[in-house]
Amino acid sequence: MKKHLNLSIRGKVQGVWYRASTKRRAEELGIKGIVRNEPDGSVYAELEGDKEAIDKMLEWCNHGPELAKVAEVVVSEGTLQHYTTFEISS
């Protein structure tokens, strides 16, 4: 059963390859969705996939790439959008 989660990732997450690394990790796990920078300095992501993959992705998002300093990940469930890829959005 597929899940859809909306994430707001806060901390030092822009300018540290967070979006590109998120895309790479999501593709490794078979997760579909989007990731983008927000004007307030946070990163927003929508993730769709099975529970096991989503759980692994959430664990990764709490740390991010090497240069990131994640302070908080706010998670909410959303409606399936039936993404077919994982893309970096503007």
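Just so it is clear, none of the values below were taken in a lab; they were calculated from the coordinates. These numbers were taken from a predicted model, which means no experiment stands behind them. Ideal geometry is used to build each Cβ from the backbone, glycine not excepted, and the neighbour counts take in all protein chains shown.
Below is a table of values for the structure above.
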| quantity | calculated |
| --- | --- |
| Assigned charges on the beta-carbon of Lys, Arg, Asp, Glu; the chain dipole about Cα centre (debye) | 160 debye |
| Debye equation applied to the C-alpha atoms of the chain, log10 I(q)/I(0) at 0.15 Å⁻¹ | -0.46 |
| Rounded, prolate or oblate (a/c below 1.5 giving rounded, otherwise prolate when a/b exceeds b/c) for the range 1-50 by Cα gyration tensor | oblate |
| Highest-first arrangement of 28-36, 66-74, where packing means the average Cβ count within 10 Å | 28-36, 66-74 |
| Mean residue ellipticity (222 nm) of the chain, computed from DSSP H runs ≥ 4 via -39,500 (n - 2.57), nearest 500 | -8000 deg cm²/dmol |
| Tilt relative to the chain, helix 51-61 - C-alpha long axis, 0 to 90 degrees, to 10 | 0 degrees |
| Those lysines that a straight Cα-Cα span of less than 23 Å connects to LYS69, excepting residues fewer than 8 apart in one chain | LYS12, LYS23, LYS56 |
| Contour excess over end-to-end distance, with Cα ends at LYS69 and ARG10 and 0.36 nm allotted per residue | 20.4 nm |
